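Quick notes on the structure that follows.
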Amino acid sequence: SDWVQGENRESSIGTVPFFEKTRKPGYTGRVIIVMEPMAMELTELNFEAEVLKSDKPVLVDFWAPWCGPCQMMGPVIDELAAEVTTAKIAKLNVDENPALAQKYGIMSIPALKIFKGGQVVKEFIGVQQKDKMKAELEAAA
């Protein structure tokens, strides 16, 4: 049988969809999977609309899969995406989007930039603490 999207449910992070599937023929219970919000994936195709034209501040994590410190920042970025409602949280893979990495002068990663009104208003290089990033986002809002 196939997964079927059920009605939305309330969770600690707000209203989320859940999916259900019968495990075995005749089994009447349900399996519920809660989808946690994750950072938005940016590309050269959606960067302008999602970042430059955003009505909210946007934290962009410039990263690459081979970068160890970037892998350490990944869970922090996803936690921010789940906790911060006054800003967008996004990731941009510099290997897949080299023109944007060049345009924004990315020389070291992870590089984190906060955009507001289409402009970079704050920049960070290297692994950052979640609380510091959260405070910077709140200040930018």
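The values are calculated or read from the model by the stated rules, or taken from the named source; none is laboratory data. Nothing here was measured: the structure is a model prediction, and the numbers come from that model. Neighbour counts are summed over all protein chains in view; Cβ atoms, including those assigned to glycine, are modelled from backbone coordinates with ideal geometry. The accessibility values were calculated without ligands, DNA or RNA, using every heavy atom of the protein model including side chains. Shrake-Rupley method; radii C 1.70, N 1.55, O 1.52, S 1.80 Å.
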Exercise. Looking at region 123-140, is at least one residue more than 17 Å from the chain's Cα centre (by Cα), in a strand (DSSP E or B) and of a type in the set (A, V, I, L, M)?
Worked result: yes
Seminar exercise, completed: Reported set for region 82-128 where residues are of a type in the set (Val, Ile, Thr) and buried (at least 19 other Cβ atoms within 10 Å of the Cβ) is Val84, Ile89, Val94, Ile106, Ile109, Ile114
Exercise. Does any residue in region 40-58 that is closer than 10 Å to Phe115 by Cα come within less than 8 Å, Cβ to Cβ, of a residue that is open to solvent by 50 Å² or more (accessible area, probe 1.4 Å) and part of a loop (DSSP other than H, G, I, E, B) six or more places away or on a different chain, and which pairs are these?
Worked result: Lys56/Thr86; Lys56/Ala141; Pro57/Thr86; Pro57/Ala141
Seminar exercise, completed: Residue set Lys91, Lys103, Lys24; condition modelled with pLDDT of 95 or more and more than 12 Å from the chain's Cα centre (by Cα); output residue Lys103
